[in-house]
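Read through the structure below, which is laid out as structure tokens, and then see the notes.
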Ligand SMILES: *Cc1c(COP(=O)(O)O)cnc(C)c1O
């Protein structure tokens, strides 16, 4: 399997792609072709557990890894780290509507599915292509990636990790999860700005020649744990394959039957992984792309114009408060039949004017597979209430956005194909928004009292890793201007 960049022809194997994260000219790495999962393999996957399924899917992409290496990575990532035996269960809430629960990992968000595995993929890759170097992982987070990456990389040999988050753009629980992180190789820093500022800052540092040299002199190299790194995407393909196989196993569809996928979307990584699963032969009919009030993707899917010149809103689903969805670049590359010059042109336009427009032909392709919709905070809250009242299912704010947009889709199209809705976080990560949706009384005034109340009112269990935060010491208190990110990194690296 070879990989190229969305903006310039390249020829790399997976280890290089995973270590480097972003291509030198600023493009994203993409596979040159999509391997097909045979009918025979589907039959085998049905009887396998998640780890075995992961091995079979990863093998297609990590062709420069040995079987034993992949097995070790998968074993390390998914053994004893998730609350459930199966990390990604499919739960039916009503006929035809299934929830793929992706948040049973150590940090209670779907990011764990990839970020428990990425440190293993990265250290194995570094042994192959960056001998002896320390990998410095730079992360920009809208809340969940930060903690998931910290948990994955803490005290991993030959790595250092630095996380930047928007000072006022994450939930109190998300903030506490990050600022209490222990480990001798970790650093966490708030920035005065929003997620896009953090992400742009990190991307610029990646491309900065002086910083590269600074690191090279220390025998270090930057890498990324954001979904711009293909190593983040490949573990996500696995759970869409796994959900298909589970639908068959549970008798909800027959082999070969199509199903729809709904994804609460921010940086477009999760939904892109579903698209990649389809390229491998998984019969997904529609991709339903759900946004909150930051509905740039809804507009894009409906009009073919991506325009980031708009207000940015802070919402109750903060992990989707994003105006520049990085992974959309990968989808465009595929829809434009691998025309890197065209992608370079569109991305330059985005950078200089904040806008680009796709051709009518590509727009038609996009709309044939993707439906875009959004809802605001009030609708999100109402959806949490309805899901709990009608189906006794407690969901978080991000998942509620997905459910709401799915309902809109069904209303509009009458399409009742069996559907999988990606559930991306535990409701306990967003108690201050979830509790008022299911409880009419007076709200407690602290985060942990709200967590306890939520458990009392709904009869659901508080995830252990969140309960434990109550007694942890805040270790990371720095907040810097966005121009100061580089200096912060230099100080940390010494
Ligand atoms: C990161 C995140 C999202 C958005 O996922 P993308 O891959 O960035 O589109 C949605 N929900 C939650 C809870 C998240 O943490």
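Quick note: the coordinates plus some simple rules give every number you see, no bench work behind them. On a predicted model such as this, the values are computed, not experimentally measured, just so you know. Here the Cβ positions follow ideal geometry from the backbone for every residue, glycine too, while neighbour counts run over all protein chains shown.
Let a ≥ b ≥ c be the square roots of the eigenvalues of the Cα gyration tensor of region 236-379; is it rounded (a/c under 1.5), or, if not, prolate (a/b larger than b/c) or oblate?
Working: a/c = 2.25, a/b = 1.38, b/c = 1.63.
Oblate.
Just subtract the alpha-carbon distance of residue 337 and residue 217 from 0.36 nm times their residue separation and send over the number in nm, one decimal.
On the way: separation 120, 0.36 × 120 = 43.20 nm, distance 3.99 nm.
Gain on extension, residue 337 to residue 217, equals 39.2 nm.
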Mind jotting down the distance between the C-alpha centroids of region 378-447 and region 252-268, whole Å?
18
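Is it possible to state the helix-based mean residue ellipticity at 222 nm for the chain, with each DSSP H run of 4+ residues giving -39500 (n - 2.57), the sum divided by total residues, to the nearest 500 deg cm²/dmol? What is it?
-14000 deg cm²/dmol
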Ranked by how many other beta carbons lie within 10 Å on average, peptides 250-256, 343-349, 20-26, 211-217 from highest:
20-26, 343-349, 211-217, 250-256
Sites residue 364 and residue 33, calculated FRET efficiency, Cβ-Cβ separation with R0 35 Å, nearest 0.05
0.90
Between region 76-147 and region 213-250, the alpha-carbon center distance in angstrom
8
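Checking the a/c ratio against 1.5 first, then a/b against b/c, what shape does the Cα gyration tensor give for the chain? Write down the numbers at each step before the final one.
Details: a/c = 1.27, a/b = 1.09, b/c = 1.16.
Rounded, because the longest to shortest axis ratio a/c is under 1.5.
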Calculate the FRET efficiency for residue 311 and residue 471 from the Cβ-Cβ distance with a Förster distance of 41 Å, rounded to the nearest 0.05.
0.55
Work out the FRET efficiency for residue 257 and residue 452 from their Cβ-Cβ distance, taking R0 = 56 Å, and round it to the nearest 0.05.
0.85
Net length gained if the chain between residue 460 and residue 484 were fully extended (0.36 nm per residue, minus Cα distance)
4.4 nm
Under a point spin-label approximation (7 Å from Cα along Cα-to-Cβ), what is the residue 348-residue 91 distance to one decimal in nm?
5.0
Extension gain (nm, one decimal) between residue 285 and residue 389, 0.36 nm per residue minus Cα-Cα:
34.5 nm
Overall Cα dimensions of region 1-135 - principal axes, largest extent first, Å:
47, 32, 29
Using a/c under 1.5 as the rounded threshold, could you call region 380-494 rounded, prolate or oblate? The axes a ≥ b ≥ c are square roots of the C-alpha gyration tensor eigenvalues, and prolate needs a/b larger than b/c, oblate otherwise.
oblate
Treat each spin label as a single point 7 Å out from the Cα along the C-beta direction, and report the residue 493 to residue 442 distance in nm.
5.3
Distance (nanometres) between label positions extended 7 Å along Cα→Cβ at residue 204 and residue 84:
4.2
